[in-house]
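The values are calculated or read from the model by the stated rules, or taken from the named source; none is laboratory data. Predicted, not measured: the structure shown is a model, and the values here were computed from it. Cβ placement follows ideal geometry from the backbone for every residue including glycine, while neighbour counts extend to all protein chains displayed.
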Amino acid sequence: MIKKLFASLALSALAVAAHAGAMQSLENFVRTAKTGRADFTQTITAPPREGQAARTKTSSGSFEFQRPDRFRFEYRKPFEQTIVADGKTVWLHDKDLNQVSQRRQARVLAQTPAAVIAASPDMATIQRDFDLKELPDSGGLQWVQATPKQKEGQLTSMKVGFRGDQLAALEILDSFGQRSLLTFNNMQVNAPMTAEAFRFTPPKGVDVVEAP
């Protein structure tokens, strides 16, 4: 009986430890990862239309971040796009459209996945903007769900996946029912970064528009 009781307590303790692991991984990543770079693959799944199956499209590129609030996405396939946050402005350069859009970063950061990835190096900022919930392990990863406290944005919810303390995936659901899964490879944490990586100057000849 005593052995069974101790075994039961041990299993309960292991279950609690596993459940707490996802949130601890997030806290460790936010606290210790000052910079990072990785390759990514993004799969976007649009909700099915009547009489049609769900549609998917895949893109890939590279990602860099530096705390606080600086990041860069370089989409290379199938189309080239650059998204840069320099701490004040979020820039989006669509090479095919020959257009650059800019938005004030303070207005949009809390409604983007970067609010979790590249936020200030403490949990207070994230907890101010998101309700956090630990989820069961899935696909070999530990998951935390982040739901925006402001409901009027396009971001409905986000799941952050970790392999140990390493960021491995983001799954994003928007207000249109579109689901986007980013998987990260070759993640380098605290890699040397230059300020130039997070600066953006619109190329000559492109149309520059200020998005609301």
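Mind checking whether some residue in the range 40-61 is surrounded by 14 or more Cβ atoms within 10 Å (Cβ to Cβ) and closer than 21 Å to Glu27 by Cβ? No, the range 40-61 has no match at all. Quick check on the range 186-197. Is at least one of its residues of a type outside the set (A, V, I, L, M), under 18 Å from Thr112 (Cα atoms), touching a strand residue (DSSP E or B) at 6+ places or on another chain (Cβ under 6 Å) and touching a residue at least 60 places away in the same chain (Cβ under 8 Å)? There is no residue in the range 186-197 that is of a type outside the set (A, V, I, L, M), under 18 Å from Thr112 (Cα atoms), touching a strand residue (DSSP E or B) at 6+ places or on another chain (Cβ under 6 Å) and touching a residue at least 60 places away in the same chain (Cβ under 8 Å). Checking the conditions here, which among Ala146, Ala115, Ala168, Ala110 is within 17 Å of the chain's Cα centre (by Cα), modelled with pLDDT of 95 or more and closer than 21 Å to Lys34 by Cβ? So the residue among Ala146, Ala115, Ala168, Ala110 that is within 17 Å of the chain's Cα centre (by Cα), modelled with pLDDT of 95 or more and closer than 21 Å to Lys34 by Cβ is Ala168. A count restricted to the range 43-61 and to residues that are over 19 Å from Ser138 (Cβ atoms) and under 16 Å from the mean Cα position of the chain (by Cα) stands at 4. When the range 72-81 is filtered for residues that are in contact with a Gly (Cβ under 9 Å, 6 or more places away or on another chain) and either closer than 17 Å to Thr194 by Cβ or in a strand (DSSP E or B) (or both), the ones remaining, listed by number, are Phe73, Glu74, Tyr75, Arg76, Lys77, Gln81. Evaluation of Glu64 against the conditions (1) of a type in the set (Asp, Glu); (2) closer than 19 Å to Ala169 by Cβ; (3) surrounded by fewer than 20 Cβ atoms within 10 Å (Cβ to Cβ) shows that the sole unmet condition is (3).
Can we say Ser25 is in a strand (DSSP E or B), modelled with pLDDT of 75 or more, surrounded by 11 or more Cβ atoms within 10 Å (Cβ to Cβ) and not acidic (Asp, Glu)? Here the answer is no, as Ser25 does not meet what is asked. Considered as a group, the residues in the range 171-208 that are exposed (fewer than 11 other Cβ atoms within 10 Å of the Cβ) and among the β-branched types (Val, Ile, Thr) include one that is modelled with the lowest pLDDT, and that residue is Thr194. All told, Glu134 falls short of being charged (D, E, K, R), under 30 Å from Arg49 (Cα atoms) and either touching a Gly at 6+ places or on another chain (Cβ under 9 Å) or not in a strand (DSSP E or B) (or both).
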